[in-house]
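Below is one structure; the comments refer to it alone.
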Amino acid sequence: MPTVDHYLVLSGLLFCIGAFGLLTRRNAIGVLMSIELMFNSANINFISFSKFLTPQALTGQAFAVFVITIAAAEAAVGLAIVVLMYRNFDVVDVDYIDFMRW
Amino acid sequence: MNIPIDLSLLYPELFLLVWTFVVLVADFFTSEDSKPNIGYLSLIGLIITAILSLSSKQGTTFYGAFRADTFGLSFNIIFIFSAILTVASSIEFAKKNLKHQGEFYGLILFSTVGMMFLSAADDLLILYVSLELATISLFILSAFMKRDLKSTEAGMKYFILGAASSAIMIYGISLIYGMTGSISLHIISLRLEEMLTLSPLFVLAIIFLIAGLSFKLAAVPFHMWCPDVYEGAPTPVTAYLSVASKAAGLAALIRIFYDSLQPAAAQWIPLFMAIAAMAMVLGNVVAIKQHNIKRLLAYSSIAQIGYVLVGFLGDSELAVTSMVIYMLAYLFANIGAFLVVIAFYNKIGSDEITAYAGLSKRSPFLAISMVIFLLSLVGIPPMAGFIGKFYLFSAAIQKGYYWIVVLAVLTSVVSLYYYMSVAYQMYFKTGDDDSKISIEPTLAVAVAIALAGTILIGVFPSSVISAVFGASRAFF
């Protein structure tokens, strides 16, 4: 029977995979997917806390629905910017866009 | 609480939301030549919202998730003023440089609505959703010049770092929810007081929250996006980003840390101390060698955030009040400086500091306003910035943090050097071109408002302070 600790470990791992992808991926779509993983790890936390710690209240589950919605809105804007980048630069590789440096 | 949902508390926010849709619909029926009218329409809406905010009631509603108080009101005024000045400054800029002007104004208004909800949030869910409404609109705005490579790059960088930071923040929120079983700021602080020791996981959650919100503030070490986005984004958006978005991040930080995480103050004060010190030093030192005025202002704004965060060390009523006053002073001075940059760019098409040579001859008004704004940013009396810094530092001294105040004063001296190098270009260098620069009326009015704010707060601080002082009462 899985306990809340199992879910915490799972979400921690998922968050780390997302953070690792964010730092190492060069493809903008890959970066977007890594960010989605990080959002979803938070969702796992919300749902498992909601189930194990406050089973009578639905706060965590409602929060997860909002996070999913916002992640979708963010992904929509992100993909639009990726399309814009492809039109202007002909690549979707984040290493290529470095006009501005300090 | 017989009537848990009292919509009359939300009138300013709801009005601006409805007005935003009016602006977007009106955009359909406006011909390409009369698009600037959409800008004036947005201005009218913002002014009505300001009046509504000032006359609105105070209290909590939505089962304690939404709280209208003096603290929220003072930040609302900061957001609305920066939106008014931004819209006023973008009318000429948008006509020349942007397609889809209606959406441009609409997005600025949406972002303002998000920030207004944010400053009244008393619940982590409302706080998160409204912060995202504010930020997602800004992602689009910073990439708004579609054919401009720099603007696209700015949008991309801002999006990736902004989305990552909000993912980090939401993970922190989920951990806090798990440990306290609630997302209401008030209940979290009650549960925290019951805890005898804080688990390491809770400290991790605090670090995640600070990291996520520091991205919005562009505080060191989360500032990497800031200079690039400021340089690439359309200048009115940069002005808005540099003030409203930072004020929103600050409002969220104050709400979370003073309202609900106060019992854990011993854990987060050292973190803010480190961030403030790093931001002051890095921002001021790197600004010295910038040659683009927008990048210079970007690094200076990083340094300014360092000064504001000193307020978190104070942990007192005075500290919260001084942060609000500092933000107010920073609003007028920083947006004012960007207004001058926009007025100059509209005529010359350059953001290089060397292009400002001889500006005092070409437009004495712009040159003297720029000097006043920069002096206010340094904190020279009788400008508003002095009042802000004075109160911030005295709040920190009360608690015995002498070294950080010494560091802040020393770095302010460094900042005098690079701010005055801009003044030096304007007054003591002669440019190739001596033709006069004319300013559009709306932009001139906006600069005059910013000037008036900068000087009036500096000369008559007591009335502002007594108005703002009620803001901090909610937390202590």
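Readers should treat all values here as calculations from the given coordinates under stated rules, not as data from a laboratory. Please read all numbers here as calculations on a predicted model, not as lab measurements. Don't worry about glycine lacking a Cβ; one is built from the backbone with ideal geometry, like all the others, and counts go over all protein chains shown.
Of note:
- With the charge dipole of the protein assembly as shown set up from +1 on Lys and Arg Cβ and -1 on Asp and Glu Cβ about the Cα centre, the Cα lying farthest toward the positive end among the listed residues B:I170, B:I302, B:Y424 is that of B:Y424.
- Dipole of the stretch A:4-101, positive end: most advanced residue of A:F20, A:V83, A:V94 [Cβ charges, Cα centre]: A:F20
- Cα centroid separation, the stretch A:26-54 to the stretch B:448-463 (Å): 46
- Cβ-based exposure ranking for A:Y86, B:Y258, B:Y427, in which fewest neighbours within 10 Å come first: A:Y86, B:Y427, B:Y258
- In the protein assembly as shown, helical runs assigned H by DSSP with n ≥ 4 each contribute -39500 (n - 2.57); averaged across all residues and rounded to the nearest 500, the mean residue ellipticity at 222 nm is -25500 deg cm²/dmol.
- Database remark: amide H of B:D123 closer than 5 angstrom to the amide H of B:L185 (H placed geometrically; neighbours at sequence offset of 5 or more, or on other chains; Pro and chain starts carry no H).
- Electrostatic tally near B:T235: other residues with Cβ closer than 15 Å to its Cβ, Lys and Arg +1, Asp and Glu -1, net -1.
- Compactness check for the stretch B:7-84: Cα Rg over 2.2 N^0.38 Å is 1.25.
- About its Cα centre, the dipole of the protein assembly as shown is roughly 740 debye, where the only charges are +1 on Lys and Arg Cβ and -1 on Asp and Glu Cβ.
- Taking other Cβ atoms within 10 Å as a rough exposure proxy, B:T60, B:T135, B:T180 sort from fewest to most as B:T60, B:T180, B:T135.
- The charge dipole of the stretch A:27-102, taken about its Cα centre with unit charges on the Cβ atoms of Lys, Arg (+1), Asp and Glu (-1) only, comes to about 320 debye.
- A straight Cα-to-Cα reach below 18 Å connects B:K294 with the aspartates and glutamates A:D98, B:D148, B:E153, B:D228, B:E231, B:D351, B:E352, residues fewer than 8 places away in its own chain not being considered.
- When the stretch B:95-222 is described by a simple charge dipole with +1 on each Lys and Arg Cβ and -1 on each Asp and Glu Cβ, the residue from B:F117, B:T135, B:V203 located farthest towards its positive end is B:T135.
- For the protein assembly as shown, the alpha carbon positions stretch 80, 56, 46 Å along the principal axes, listed from largest to smallest.
- Exposure proxy order (Cβ contacts within 10 Å, fewest to most) of B:I173, B:I269, B:I140: B:I269, B:I140, B:I173
- Distance distribution P(r), the stretch B:34-125, all Cα-Cα pairs, bin width 5 angstrom from 0: 3, 14, 24, 20, 15, 11, 8, 5, 2, 0 percent.
- Viscosity 1.002 mPa s, 20 °C: Kirkwood-radius Stokes-Einstein D of the stretch A:1-49 over Cα pairs, µm²/s: 196
- Under a 5 Å amide H cut-off, with hydrogens placed 1.01 Å from N, B:A233 pairs with nothing among residues at least 5 apart or on other chains.
- Mean partner shielding of peptide B:171-183, defined as the number of other chain Cβ atoms within 10 Å of each residue Cβ, is 6.
- Equivalent ellipsoid semi-axes, the stretch A:4-101, via Cα gyration tensor eigenvalues times 5, rooted, Å: 33, 15, 7
- Relative compactness, the stretch B:7-472, computed as alpha-carbon Rg over 2.2 N^0.38 Å: 0.93
- Neighbours of A:D93 by Cβ distance under 13 Å: Lys/Arg scored +1, Asp/Glu scored -1, total -2.
- Violating pairs (Cα-Cα greater than 24 angstrom) within the set B:K150/B:K347; B:K95/B:K216; B:K157/B:K246: B:K95/B:K216
- Eligible aspartates and glutamates near B:K35 by straight Cα distance, threshold 14 Å, same-chain separation 8 or greater: B:D27, B:E92, B:E103
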